[in-house]
Amino acid sequence: METRRIVVTGILGAGKSTFVKTASETEVVAIERNITDEISTLKEKTTVAFDFGKLLFTPNLELHIYGTPGQSRFEFMWEMLINWASAYILLVAAHQPSGFDEARELLSFMTQRAQVPMVIGLTHMDCSGALPPEEIINFLGYEYEENRPTFVIVNPHQRTSVIKAIDVLIDVMNLHY
């Protein structure tokens with residue numbers, strides 16, 4: 001059996017921990033702490049190291065799925081996780097245009113450190129204020145279709161949606177199982 005490491009990254013609130021929990025067939029290891037700064041109004045806990053889960057994608061392929069912290073102060077974990085990655089998914093919350101600059105910086109950080117397959121997952125598309133996919137992808141720096149990565153709309157709370165996003169990533173990785 002082959003094992004691949006998938007990293008799920010994105011800024012705070014993009015849905016990384018939820019994605020890992022939804023995808024995993026095992027109990028997720030979540031290294032979180034209570035939030036004590038100004039972002040405590042958004043959520044109670046935040047990932048400070050990583051989330052980890054496993055998914056037997058096919059009888060011949062097991063995925064180890066790692067969720068990164070969303071805050072740049074934990075970029076040392078981003079570096080460690082991306083250096084081990086077979087591929088990654090960047091989650092971008094479509095309803096938070098104020099976070100697009102951070103998402104673009106995170107994307108740059110990851111692509112500078114690892115040349116591995118990636119997919120952009122657009123989350124929160126069903127929320128008020130969500131921007132259209134084309135606009136988000138352009139803002140991330142992919143104005144021209146020939147250099148665009150694959151993107152997928154994903155709801156981290158829905159298993160079928162998460163599995164579809166992983167399936168798209170497996171396809172981008174050019175794995176055939």
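Just so it is clear, none of the values below were taken in a lab; they were calculated from the coordinates. For clarity, every value in this text was computed on a predicted model and none was experimentally measured. Cβ placement follows ideal geometry from the backbone for every residue including glycine, while neighbour counts extend to all protein chains displayed.
Miscellaneous remarks
- Sequence-distant contacts, meaning Cα pairs under 8 Å at least 6 residues apart, place the relative contact order of the chain at 24 percent.
- Spin-label model, V28 to C127: label points 7 Å out along the Cα-to-beta-carbon direction sit 1.6 nm apart.
- Among beta bridges identified by DSSP and lying wholly in the chain, the antiparallel ones come to about 35 percent.
- Based on alpha carbons, the Rg and Dmax found for the stretch 2-172 are 14.9, 45 Å.
- Sites N60 and N138, calculated FRET efficiency, Cβ-Cβ separation with R0 30 Å, nearest 0.05: 0.20
- Kirkwood hydrodynamic radius (C-alpha pairs) into Stokes-Einstein, the stretch 86-177, 10 °C and 1.306 mPa s, D in µm²/s: 117 µm²/s
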